[in-house]
1. Quick test for you: out of K263, K251, K238, K257, pick the one residue that is of a type in the set (D, E, K, R), without any contact (Cβ under 8 Å) to a residue 40 or more places away in the chain, out of contact with any helix residue (DSSP H, G or I) (no Cβ under 9 Å at 6 or more places or on another chain) and not assigned by TED's automatic domain parsing to the domain that holds D346.
2. Go through I320, I225 for me and flag whichever is within 16 Å of Y343 (Cβ to Cβ) and either at pLDDT 95 or above or polar (S, T, N, Q) (or both).
3. If I filter the stretch 205-221 for residues that are within 16 Å of the chain's Cα centre (by Cα) and among the basic types (K, R), do I get at least one hit?
4. It is to be established whether one or more residues within the stretch 289-297 are under 19 Å from G354 (Cβ atoms) and of a type outside the set (A, V, I, L, M, F, W, C).
5. May I ask you to say which residue of G349, G337 is out of contact with any helix residue (DSSP H, G or I) (no Cβ under 8 Å at 6 or more places or on another chain) and either part of a strand (DSSP E or B) or farther than 25 Å from T281 by Cα (or both)?
6. Tally the residues that are exposed (fewer than 13 other Cβ atoms within 10 Å of the Cβ) and among the charged types (D, E, K, R), restricting the search to the stretch 324-354.
7. Of the residues T131, T148, which single one is in contact (Cβ under 8 Å) with a residue 24 or more places away in the chain and touching a strand residue (DSSP E or B) at 6+ places or on another chain (Cβ under 7 Å)?
Amino acid sequence: MKLFLGSEGMKSLRVLFSLLFLCLLAIPISAHAAERVPVQKSLSSNITTSSLPGSIMRKSLSVNPGDYPLRGNNTYVDSLLDSWYTFHDLTFVGVTNYSASQMDVQVLSQDDSFFKDPYITIEFLKNNGGTLQYINATNFNTFGSLNTMMHSTVNKSLYVGQPYIYLRIGVSEYLSDLYYQDVTQFKVVNPFNAPDKTPPAKPTVNTVDDNDTIITGRAEANSYILVKNGSATVGSTKVSPAGVFSMSMPKQRAGTKLTVYAKDAAGNQSVGTTITVIDRTAPGKPGVSSIGDNQTIINGTAENGSRVEVKQGTSVIGQITSTGSFTIKLTALKKAGTVLTVYAIDKAGNRSAGNAVTVMDVTAPAAPSVNKVTSTSTSITGKAEAGTGVYIFSGSTLVGQATSNSAGYYSAAIPVQKRGIKLEVLAIDKGGNQSGSAWATVY
């Protein structure tokens with residue numbers, strides 16, 4: 001026959017066994033012997049960092065260091081009430097040297113009844129940049145004792161640079177319980193805190209150009225980043241727990257040298273990482289004077305030190321380094337209507353927008369030729385520069401006009417002229433340039 005007991009049944013059995021245990025303690029050894037009384041237990045447990053935090057499932061864990069009051073040696077801490085309504089009065093005794101590498105954290109639990117939840121768990125935490133980080137815990141079974149001195153053996157290396165040891169103590173009926181019956185938290189002075197004199201590693205910094213307003217990189221987790229331009233501070237920021245940082249800053253001129261330092265909570269400063277702000281800003285569009293078809297010289301203005309480049313289509317036909325202004329001599333005259341594009345390229349290779357200029361027609365056409373004109377002619381013919389306007393004057397009176405065709409021929413209607421009159425023939429091109437005069441005497 002199998003007997004199944006619930007949690008209340010198990011607790012009743014444990015009460016029965018506890019009563020039997022107390023009865024045995026009360027039996028005298030002899031007529032002259034004193035009563036048996038439970039002595040103070042002294043239990044030890046080593047803390048490890050190999051397992052996941054048990055506190056995840058046991059009521060919420062405060063990670064704010066300000067929530068943990070400071071307790072001194074041999075000081076009452078708190079009283080925990082368990083499921084048996086038994087009080088566990090906790091006293092922090094102190095932290096002593098256990099060995100060269102370990103310390104002994106001592107807490108005394110004084111209980112007002114043997115009927116109690118026997119398991120005491122002491123959790124250890126440390127300050128990680130203003131947020132508490134769970135390390136691990138020690139567990140103690142206080143069954144059969146009203147006074148239990150609990151010794152937690154902790155590696156000193158876990159608290160290097162830590163002025164305080166943060167503790168959270170909970171009571172539970174079984175180690176497998178998901179929740180403490182009651183819990184308290186406090187901090188104590190770490191007597192083995194050696195000053196941190198090790199500076200952080202040199203930070204790594206991503207490239208910065210003259211358009212950037214953010215500087216990013218990596219440095220020691222939770223340290224502070226300081227960015228300087230010479231002796232002037234550009235800005236500072238805190239490094240994330242993952243060891244990355246991102247800081248806003250004003251735009252910096254190309255060529256500016258920025259030095260980035262990491263500083264830890266102990267005030268140790270790293271070696272600086274110096275970077276040069278990259279030039280990513282293109283020069284302004286160059287200014288260009290007008291270009292005529294009778295000149296091989298191009299004048300203009302461009303960023304000092306930039307390379308000025310003149311292109312016809314995809315071909316570079318001239319270039320020079322600007323001193324703020326420039327003069328470029330072409331190898332040949334360019335026909336009117338030719339489009340030339342002028343660029344400025346700085347030392348970093350940034351190319352400006354192009355300034356396109358059209359070669360102007362500033363060359364006068366040649367004087368036209370004129371065929372024979374008689375006193376009976378009603379037109380005048382000849383050759384002139386193609387596409388020019390041809391004008392025929394008798395003195396100051398315009399007597400005829402025409403436009404030469406693509407082959408250069410023209411024919412202008414005129415009134416019949418008297419014999420001996422001299423007619424003046426002129427050509428004016430599309431640029432408004434006027435040719436010399438051609439003369440025809442009427443026969």
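The values are calculated or read from the model by the stated rules, or taken from the named source; none is laboratory data. Quantities reported herein were computed from a predicted structural model and do not represent experimental measurements. Every residue, glycine among them, receives a Cβ derived from its backbone with ideal geometry; neighbour counts consider all protein chains shown.
1. None of the other options fit; the residue is K257.
2. Every option except I320 fails the conditions.
3. Yes, the stretch 205-221 contains at least one residue that is within 16 Å of the chain's Cα centre (by Cα) and among the basic types (K, R).
4. Yes, the stretch 289-297 contains at least one residue that is under 19 Å from G354 (Cβ atoms) and of a type outside the set (A, V, I, L, M, F, W, C).
5. Among G349, G337, only G337 is out of contact with any helix residue (DSSP H, G or I) (no Cβ under 8 Å at 6 or more places or on another chain) and either part of a strand (DSSP E or B) or farther than 25 Å from T281 by Cα (or both).
6. Residues flagged as exposed (fewer than 13 other Cβ atoms within 10 Å of the Cβ) and among the charged types (D, E, K, R) within the stretch 324-354 amount to 2.
7. From the options T131, T148, the qualifying one is T148.
Okay, residues lined up against (1) on the phi > 0 side of the Ramachandran plot; (2) of a type outside the set (S, T, Y); (3) in a loop (DSSP other than H, G, I, E, B):
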| position | (1), (2), (3) |
| --- | --- |
| I275 | no, yes, no |
| R280 | no, yes, yes |
| P283 | no, yes, yes |
| Q295 | no, yes, yes |
| N299 | no, yes, no |
| G305 | yes, yes, yes |
| E309 | no, yes, no |
